[in-house]
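Novice: Handing you a structure now.
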C-alpha cells in the first residue's frame, strides 16, 4: 500500500524567510502533484512533476522530484502572507488514482 | 466558464437517511473522482470512474455508492451504512491522459443532525 508522508505538518514562518516542505512516498512512482487548499475551500493545482529531476517554479514556490529517493520538495522563497494555506502532495499510483499526503499547514506572519 | 459544480454546499443528514451529493462537470473530462476529507487530514478516495457506466471502489468505499450514467455527472450517495459521514466531500475530474492534474469542485460539507 502506497503511503505518502509530509513534513512538517504545521509550519509557522515570518515573511521574508525561506523554508522547504518535504513529501516522502513509499513505492515507486514518477508522477507527483502539488496542490494548495485555503481554509474551507477546494484544492488548486500548483505543480505537476512527471519525471526524475523535474523542477517547476511559479513565483515564490519551487517544486522538485527525486524518484530514486522517493522524495519531492516544495521550497518557499521570501514568504509572504498570501502563501498561508495548506499544501498537499499527491502521488500517482499509475491507475489514475492519487494518494494524498496529510498536508502541511503553512502560516506566514509579518 | 468550464468547471466542476458540487451541490449542495452544506448538507445535513438524519440518522438512517441516505443523502445524495451532486457533482457535474462541463470540462468534457473522462475520469471523475470522489474524495472525503476529515478535519486536519488529507484526502481519501471513495470511488472513481474512468468512463461512463463504469466505476471502481477507492480506499474507503464502504457505506457509499455512485453511478455514472452520463459523462458530465457523478453523484455520490452516502447511505445509512456509513456510520461516520460527517466530513468535507470533494469531487474531481481529469482529462484522459496520464499527465493531467485532477481539477476539484468547491466541495460539500455533510453533517449529522
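Novice: Based on alpha-carbon positions alone, could you give the equivalent ellipsoid semi-axes of chain A from the gyration tensor, as √(5λ), descending, whole Å?
Specialist: Equivalent-ellipsoid dimensions as semi-axes: 23, 14, 12 Å.
Novice: What full-extension length gain, to one decimal in nm, is calculated for residue A:5 and residue A:30 as 0.36 nm per residue of separation minus the Cα-Cα distance?
Specialist: In short, 7.4 nm is gained.
Novice: How big is the gap, in Å, between the Cα center of region B:50-105 and the Cα center of region A:1-55?
Specialist: Answer, in whole Å: 23.
Novice: Exposure proxy check: A:82, B:106 ranked by fewest other beta carbons within 10 Å?
Specialist: Working: A:82 10, B:106 16.
Final ranking by Cβ density, sparse to dense: A:82, B:106.
Novice: Over all residues in A:92-102, what is the mean tally of Cβ atoms on other chains that come within 10 Å of each residue's Cβ?
Specialist: Mean inter-chain Cβ contacts per residue within 10 Å come to 5.
Novice: What order do you get for B:38, A:92 when you list them from fewest to most C-beta neighbours inside 10 Å?
Specialist: B:38, A:92
Novice: I need to check one value: relative contact order of chain A, counting alpha carbon pairs closer than 8 Å and at least 6 residues apart, in percent.
Specialist: Normalised by residue count, the contact order of chain A is 37 percent.
Novice: Let me ask something else about it. If you take each beta carbon of peptide B:28-38 and count the beta carbons of other chains within 10 angstrom, what is the mean?
Specialist: Going residue by residue through B:28-38 and averaging, the value is 1.
Novice: In percent, how large is the relative contact order of chain B, given Cα pairs closer than 8 Å and 6 or more residues apart?
Specialist: After rounding, I find 35 percent.
Novice: Per-residue Cβ counts within 10 Å, from other chains only, averaged over B:101-109: what number is that?
Specialist: Counting other chains' Cβ atoms within 10 Å and averaging over B:101-109 gives 5.
Novice: Grab the beta carbon distance between residue A:109 and residue B:73, set R0 = 41 Å, and tell me the FRET efficiency rounded to 0.05.
Specialist: The pair residue A:109/residue B:73 has a calculated efficiency of 0.45.
Novice: Follow-up. Can you tell me, using C-alpha contacts under 8 Å and at least 6 residues apart, the relative contact order of region B:13-60 as a whole percent?
Specialist: 26 percent
Novice: If I model a spin label as a point 7 Å beyond the Cα along the Cα-Cβ vector, how far apart are those points for residue B:113 and residue B:81 in nm?
Specialist: 2.4 nm
Readers should treat all values here as calculations from the given coordinates under stated rules, not as data from a laboratory. Everything numeric here is computed off the predicted structure, so don't read it as measured data. All Cβ positions, even for glycine, are placed from backbone atoms using ideal geometry, and neighbour counts span all protein chains on display.
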